[in-house]
Amino acid sequence: MGRKQPQSAILPGSGQSTSRLASELGFGGGKSKSIYGKEGHTGITMVKFANTQVGIKESERLADYFEKDNHGRKGWARAQASQSGDDDKNPTLVKTDEKTGEKKRVLYGYLATASDLDKIDFDMRKRAVIKSRRELDLSD
C-alpha cells in the first residue's frame with residue numbers, strides 16, 4: 001500500500017495569511033506552503049489537503065470558492081495578462097477599500113494539475129505523485 005499524497009490547491013498572488021484565510025473560510029485540514037524561487041517569494045502559496053475523499057472534496061470546494069468570483073485559473077490568467085508596471089494600481093490584483101483607503105491583495109485559487117508542477121520547488125516536485133480522478137476513486 002502506497003503512502004497517501006496530498007491534494008493541492010494553488011493560490012497565486014497570495015500572502016502569508018493563506019492558512020488563516022482558508023481556516024476562516026471554513027476549509028479545514030489544509031496546510032499551506034509558500035513557494036520560493038531564486039528571487040524570493042514567487043507570490044504563490046500551495047494548500048495541501050489529505051489524499052482522502054474528504055481532502056479531495058475540500059480542495060475542490062476551495063477552488064470552487066474562488067471560481068464563483070472569477071478568481072480561479074482563468075481569472076488568474078486574465079490578471080496576469082493585464083499586469084502592467086505597477087501592481088498596486090491594477091484592480092485585478094489589488095482592491096482599495098472605499099472607506100478606509102486600505103489596499104488588499106486580490107486572491108486567486110485553483111486546483112493544481114500536472115501542468116502546475118513547474119510552479120513548485122524541486123523538493124515538492126520530487127515528492128509529487130500525480131493520479132487521475134479515476135485512480136483516486138479506485139484507491140479508496
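Structure values in brief
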quantity: Pairs from K31/K103; K33/K68; K48/K99; K74/K103; K89/K131; K31/K99 whose Cα-Cα separation, in the structure shown, is over 31 Å; calculated: K48/K99; K89/K131; K31/K99
quantity: Mean Cβ count within 10 Å, highest first, over the residues of peptides 57-69, 88-100, 24-36; calculated: 57-69, 24-36, 88-100
quantity: Karplus (6.51, -1.76, 1.60) ³J(HN,Hα), θ = phi - 60°, over segment 31-44, in Hz, Gly and Pro reported as x; calculated: 10, 9, 9, 6, 9, 10, x, 4, 9, x, 4, 7, x, 10
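Read-outs: derived from the displayed coordinates by stated rules, not from any lab. Here the structure is a predicted model, which means the values were calculated and not measured. All Cβ positions, glycine included, derive from the backbone under ideal geometry; neighbour counts span all protein chains shown.
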